[in-house]
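Presented below is the structure to which this report refers.
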Amino acid sequence: MVVIERFSFVHEAHIAKANLESAGIHCYLADEFTVNTQWLYSNAIGGVRLMVEEKDIESARVLLASDFSVALEEQIPPFDNEHEHCAYCGSHDVVTYTKGKRPAFLMFIVLGFPLFTYQHGYKCNQCGKFSEEL
């Protein structure tokens, strides 16, 4: 097997590996567990190595260099914000928001674990109110 690509982060290597495996190319990740355990060693050991068989080098390079984002954009419908509105003021200027994230983070720093719960929902940029549902 031959090293086709090197990655600093394990998740990037897994994405590339999944891309190659979906095309039927047998591949292997070397040093993924070392980088997961001691990520500071990533640069020292050359990162996570994606390895393929010699016969698949050219097709693997073509697949890794390909950009499939256009095909993905064609499949996903555009975001329609017309039906989403603030329950308090009726504005369509709402964004996803996690309430209580900062206090939980501070308690994690102080105590070592998050003490407060947090809620996922939506925040209106016009009135500043939070709601769990639109």
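Observations on the model:
- Against the test of being polar (S, T, N, Q), surrounded by 10 or more Cβ atoms within 10 Å (Cβ to Cβ), more than 30 Å from Cys127 (Cβ to Cβ) and in contact (Cβ under 8 Å) with a residue 24 or more places away in the chain, the options Ser59, Ser91 yield a single qualifying residue, Ser59.
- Within segment 7-56, helices (runs of 4 or more DSSP H) holding 1 or more residues that are touching a strand residue (DSSP E or B) at 6+ places or on another chain (Cβ under 6 Å) and either more than 21 Å from Ser69 (Cα to Cα) or small (Gly, Ala, Ser) (or both): 10-22, 32-37
- Selection of segment 95-116 for residues being surrounded by fewer than 13 Cβ atoms within 10 Å (Cβ to Cβ), outside any helix (DSSP H, G or I) and either more than 23 Å from the chain's Cα centre (by Cα) or outside the structural domain of Glu84 (by TED's automatic domain parsing) (or both) yields Gly112, Phe113, Leu115.
- Exactly one residue out of Glu53, Glu84 is modelled with pLDDT of 85 or more and of a type outside the set (A, V, I, L, M), and it is Glu53.
Yes/no matrix, rows are residues, columns are (1) at pLDDT 85 or above; (2) more than 30 Å from Leu20 (Cβ to Cβ):
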{"site": "Ser42", "(1), (2)": "yes, no"}
{"site": "Phe68", "(1), (2)": "no, no"}
{"site": "Ile76", "(1), (2)": "no, no"}
{"site": "His92", "(1), (2)": "no, yes"}
{"site": "Leu106", "(1), (2)": "no, yes"}
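- Residue, nearest to Tyr88 (Cα to Cα), within segment 108-133, restricted to residues that are without any contact (Cβ under 8 Å) to a residue 40 or more places away in the chain and in contact with a Gly (Cβ under 8 Å, 6 or more places away or on another chain): Phe130
The values are calculated or read from the model by the stated rules, or taken from the named source; none is laboratory data. Here the structure is a predicted model, which means the values were calculated and not measured. Heads up, the Cβs are rebuilt from the backbone with ideal geometry, glycines too, and the neighbour counts pull from every protein chain shown.
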